[in-house]
């Protein structure tokens, strides 16, 4: 019945700053399929899933911190080369929480976007 996750929506407070993070730092491509909503935002393709950035001043899901905490709410993106990802984050000076020996069996790396949305990037060689 379920085909997969279509998108993850994230509240952001500064679209320009967020777009720089998702496009320049993470290297994602903005989708041109976003309808002309009456609120600012951006969509990004990640495999068969999308990330939707939304400006919503009355929203209640901002964490209020960029502290890296792997147990806090997050979503995960599987990468094909974790070392390349880590090098990219280091190049841009992005703080990471690196868990190469996670009990999951995956190498996990956590980052925060400018608004504190946590993203896990993981790699499995199995």
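Applying the selection to the stretch 1-22, what residues are surrounded by 11 or more Cβ atoms within 10 Å (Cβ to Cβ) and in a helix (DSSP H, G or I)?
15, 17, 18, 19, 20, 21, 22, listed by residue number.
Is there any pair with a first residue in the stretch 16-42 that is over 21 Å from residue 115 (Cα atoms) and a second that is part of a loop (DSSP other than H, G, I, E, B) and at pLDDT below 95 whose Cβ atoms are under 8 Å apart and which are 6 or more apart or on different chains, and what are they?
Matching pairs, first to second residue: none at all.
Within the stretch 25-32, is even one residue modelled with pLDDT under 95 and not assigned by TED's automatic domain parsing to the domain that holds residue 119?
Within the stretch 25-32, one or more residues are modelled with pLDDT under 95 and not assigned by TED's automatic domain parsing to the domain that holds residue 119.
Please specify each residue of the stretch 23-66 satisfying the condition of being part of a loop (DSSP other than H, G, I, E, B), more than 18 Å from residue 77 (Cβ to Cβ) and in contact with a helix residue (DSSP H, G or I) (Cβ under 9 Å, 6 or more places away or on another chain).
Residue satisfying the conditions is 40 alone.
Pairs needed: first member in the stretch 51-74, under 17 Å from residue 112 (Cβ atoms); second member anywhere, assigned to a loop (DSSP other than H, G, I, E, B) and modelled with pLDDT of 95 or more; C-beta distance under 7 Å; at least 6 residues apart or different chains.
Every condition considered, the pairs that remain are 62/115; 62/116; 63/72; 63/116; 64/116; 65/116; 66/116; 68/95.
The values are calculated or read from the model by the stated rules, or taken from the named source; none is laboratory data. The structure displayed is predicted, hence computed values, not measured ones. For neighbour counting, all protein chains shown are included, and Cβ atoms are generated from backbone atoms with ideal geometry for every residue, glycine included.
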